[in-house]
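Read the figures in this text as sums done on the coordinates, not as results from a lab. What you see is a predicted model, and the numbers here were worked out from it, not measured in a lab. Here the Cβ is made from the backbone with ideal geometry for all residues, glycine too, and neighbour counts use every protein chain on show.
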Amino acid sequence: MSAAATSTDSGAGEGAAPALDVEVLALSHPDWLYHHLRVTGDPDAVAGFRVAAAGPGLIPWTDGAGQAAEDWFHLLAAPPGPQRRSLSLEGCRILAGQLCDAAEARARLIAERAATSRACPLCLHRLLPVPAQVLRLGPAAPESRAWLWRHWGTTAALRGVVALPVPGRGRGRPPDPGLLWLGFWSADWTPWPAIRAMRQRWPDLSINIRPLYDDP
């Protein structure tokens with residue numbers, strides 16, 4: 001799949017959820033593409049980018065799990081295909097409620113982590129925050145996917161973000177304060193709108209991205 005994409009808007013975190021006239025190019029099962037990102041320039045400016053880009057590396061969705069609980073109940077009560085229901089209807093309702101409680105607890109944990117974590121060195125939500133009104137819609141909402149596509153160029157948080165080169169055994173070379181070199185996986189496309197926004201925000205830095213179609 002080509003890593004090129006187009007975007008008509010490089011802003012972020014502003015206004016209401018986008019109208020659904022955006023063609024979102026994303027697969028139902030993402031094709032994760034590996035990239036290298038190199039940020040070079042004055043050491044103080046690179047350090048500022050490091051601080052601004054570090055975050056939890058996730059999207060803290062705040063949509064409720066009420067509809068999901070109902071979906072789980074119907075799936076448990078009427079399993080697809082030749083499977084037979086193994087629980088009573090009351091048992092299905094209880095299990096669906098437990099799954100809902102677990103999902104909401106996980107969402108609260110993610111939201112708490114998003115407020116304080118700096119574990120990921122390139123967090124798109126930290127650099128280009130998803131607006132609260134979009135977070136409340138959830139990841140499956142067409143408006144959410146349209147916003148992510150328009151502002152990030154990919155419909156999921158980056159995965160496997162690591163600082164390069166990965167230290168090996170023994171004593172490695174001292175880090176270059178004027179270089180931030182990262183590797184990461186992006187869903188379906190290179191996040192060009194996000195890269196353009198970074199270049200606009202840090203015009204004195206050189207921000208270069210390269211997709212690698214072979215194994216990293």
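For 34, 213, which order do you get if you count the other beta carbons within 10 Å of each Cβ and list the fewest first?
So the residues, fewest neighbours to most, are 213, 34.
Taking amide hydrogens as modeled 1.01 Å from N in the peptide plane, which residues meet the under 5 Å criterion relative to residue 55, leaving out close sequence neighbours?
For residue 55, the qualifying residues are 119, 120, 122, 123.
Tabulate in residue order the Karplus-calculated ³J(HN,Hα) for the stretch 175-191, using 6.51 cos²θ - 1.76 cosθ + 1.60 with θ = phi - 60°, rounded to whole Hz; enter x for Gly and Pro.
Going residue by residue, I get x, 8, x, x, 9, 10, 10, 10, x, 7, 10, 10, 6, 6, 9, 6, x Hz, with x marking Gly and Pro.
If amide H atoms are built 1.01 Å from N in the plane of the peptide, which residues on other chains or at least 5 residues away come under 5 Å of the amide H of residue 138?
Amide H neighbours of residue 138: 62, 63.
Enumerate the amide H contacts of residue 158 below 5 Å, restricted to partners 5 or more residues apart or on another chain; note that Pro and chain-start residues carry no placed amide H.
Residues meeting the criterion, in which the H sits 1.01 Å from N, are 124.
Across the stretch 193-203, in residue order, what do the Karplus-derived ³J(HN,Hα) couplings come to in whole Hz, using 6.51 cos²θ - 1.76 cosθ + 1.60 with θ = phi - 60° and x for Gly and Pro?
x, 5, 5, 4, 5, 5, 5, 5, 6, 10, x
Work out from phi, with θ = phi - 60° and the Karplus expression 6.51 cos²θ - 1.76 cosθ + 1.60, the ³J(HN,Hα) of each residue of the stretch 132-137, listed in order in whole Hz, and give x for Gly and Pro.
4, 5, 7, 4, 5, 7
Would you list 117, 186 from fewest to most Cβ contacts within 10 Å? Don't skip to the end; give the middle numbers.
Numbers: 117 16, 186 28.
Ranked by crowding around the Cβ, least crowded first: 117, 186.
Hey, fewest Cβ within 10 Å first, where do 59, 209, 94 land in order?
Details: 59 22, 209 19, 94 14.
Least to most surrounded, the residues fall as 94, 209, 59.
Multiply the residue gap between residue 106 and residue 74 by 0.36 nm, knock off their C-alpha separation, and tell me the result in nm, one decimal place. Kindly include the intermediate steps, with their values, before the conclusion.
Working: separation 32, 0.36 × 32 = 11.52 nm, distance 2.22 nm.
Length gained between residue 106 and residue 74: 9.3 nm.
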